[in-house]
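Input: a single structure, listed below in structure tokens.
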Amino acid sequence: MRIKKFKDVQLVKSIVNDDVQKPDDFFITTASYEERCLGSLKLMTEDYKSKYIYIIKYEGKENDENYKKMKSILKHHGEIITYDINPMFPLFQISNVVKDIIKNKRNNDINIKIDITTFIKWNFLVFLKMLYETKLLHNVTIYYTEPISYETNLFQPLSFGLKEIFPIPFFYGNYDFSKENLLIIFLGYEGHRALSLYEKIEPEECILLIADPPYWPEWKGIAEELNKSLINLLGEINLKKIDSRNPIKVCESLKSILSRTSYKKYNHLISPLGTKPQTLGLFYYFHKYNPENTILTYTAPLRYNALFYSKGIGRTWKLPIYT
């Protein structure tokens with residue numbers, strides 16, 4: 001794999017056509033109850049055009065109001081196609097999105113812009129995997145918009161319950177049943193979800209990865225507080241810092257941490273409960289290093305707390321791509 005264009009995240013001030021002589025081929029985004037799904041759309045210049053604009057709309061999600069706003073903005077920028085996707089059974093629909101990209105692309109020199117802000121983590125991992133396998137990932141630009149804040153407190157969690165734990169399709173190696181498990185959790189603001197995962201897996205060892213620095217200086221310490229029960233249970237010796245925003249740094253840090261000789265005797269179960277850029281870094285780690293006995297696991301909550309999730313539209317970033 002090689003690094004395309006740049007090695008660091010870039011703050012986005014406007015979204016324009018990379019080639020002023022022609023529009024982009026595809027702009028892909030997801031509707032959500034989170035206002036920040038509108039972030040990249042509000043940065044489009046008046047003359048920005050994309051031949052096709054794909055909006056992924058999750059079934060059963062409270063996103064109708066923002067979906068209408070998205071259509072109102074995007075109708076000036078290109079032809080809109082909406083894909084209704086079941087968030088728990090998305091493989092068929094996501095594969096159809098990729099097939100439509102292949103069908104509608106004009107040539108091999110295409111431009112694809114993807115906003116991963118409110119894409120469900122394991123869904124966009126599968127989507128990127130399909131783009132990678134069809135040799136389209138090198139044509140992709142990825143955007144991510146932070147929230148202004150999260151409604152984080154111990155009495156109004158971001159999600160409720162634990163519905164199921166499952167391996168993310170296409171992201172599991174050769175699980176060795178003769179080995180014990182090492183669980184690696186990217187911690188976020190859902191402490192109950194992380195603790196439930198640990199209790200269900202019952203690993204021999206567990207590494208807790210926490211974002212440092214966080215998106216905003218005033219957020220420092222929040223994730224530690226919300227995951228206090230799990231951190232106290234395992235001890236701070238198992239808590240390690242990892243970048244919050246740069247997926248390439250996440251990839252290399254994860255490689256460094258898991259290369260320790262003492263960890264090689266385990267199956268590695270990795271759960272992305274942290275930031276979206278960290279999850280992108282996990283994708284890079286898996287495809288750059290092809291780690292053996294490694295499984296990416298997803299912990300699905302019973303439901304999200306839509307009324308007490310994120311607030312506002314923060315900064316939008318262009319994330320680096322490994323191809």
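Any read-out appearing in this document is the output of simple, stated calculations on the displayed coordinates, not a laboratory observation. Computed from a predicted model, the values in this text were never measured in an experiment. No Cβ is skipped: glycine too gets one built from the backbone with ideal geometry, and neighbour counts run over all protein chains shown.
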Response to the item:
Nearest 10, in degrees from 0 to 90: the angle of helix 91-104 to the longest Cα principal axis of the chain is 30
Fill in: For the chain: relative contact order, % (alpha-carbon pairs under 8 angstrom, 6 or more apart)
27
Response to the item:
Counting all Cα-Cα pairs in segment 159-304, those more than 28 Å apart amount in percent to 11
Worksheet item: Relative to the longest principal Cα axis of the chain, at what angle does helix 191-201 sit, 0 to 90 degrees, rounded to 10?
Response: 60
Worksheet item: Extent of the chain along each principal axis, from alpha carbon coordinates, in Å, largest to smallest?
Response: 56, 41, 34
Worksheet entry | Residue (of 111, 87, 124) at the positive-pole extreme of the chain, dipole from beta-carbon charges | 111
Worksheet, complete the sentence: antiparallel share of DSSP beta bridges within the chain, to nearest 5, in %, is 30
Practice prompt. State to the nearest 20 debye the size of the charge dipole of segment 159-304 about its Cα centre, where the only charges are +1 on K and R beta carbons and -1 on D and E beta carbons.
Written response: 340
Worksheet item: Once the dipole of the chain is set up with Lys and Arg at +1 and Asp and Glu at -1 on Cβ about the Cα centre, which of 293, 198, 15 lies farthest towards its positive end?
Response: 15
Response to the item:
Computed ³J(HN,Hα) along segment 8-13: with the Karplus parameters 6.51/-1.76/1.60, θ = phi - 60°, integer Hz and x for glycine or proline, the list is 10, 6, 10, 5, 9, 9
Worksheet item: Where in segment 172-224 are there GluC sites (Glu not before Pro) that are in a DSSP coil and have at most 15 other Cβ atoms within 10 angstrom of their Cβ?
Response: 180, 204
Practice prompt. Quick one: compute the contact order of segment 159-304, relative version, from alpha carbon pairs under 8 angstrom and 6+ residues apart, as a percent.
Written response: 41
Worksheet item: Between residue 270 and residues 5 or more places away or on another chain, which pairs have amide H atoms under 5 Å apart, with H built 1.01 Å from N, and which residues are they?
Response: 184, 295, 296, 297
Worksheet entry | segment 95-144 - percent relative contact order, Cα under 8 Å, separation 6 or more | 52
Discussion item. Around residue 167, under 14 Å between beta carbons, what's the net of Lys plus Arg minus Asp minus Glu among the other residues?
Written reply: +2
Item to complete: Please return the longest stretch of the chain lacking exposed loop sites, where trypsin sites (Lys or Arg not before Pro) count only if DSSP places them in a loop and at most 14 other Cβ atoms lie within 10 Å.
Response: 14-74
Worksheet item: Between the helical axis of 121-133 and the dominant principal axis of the chain, each derived from Cα atoms, what acute angle in degrees is found, rounded to the nearest 10?
Response: 60
Worksheet item: In the neighborhood of residue 223, defined by Cβ-to-Cβ distances under 12 Å, what is the net charge if each Lys or Arg adds +1 and each Asp or Glu adds -1?
Response: -1
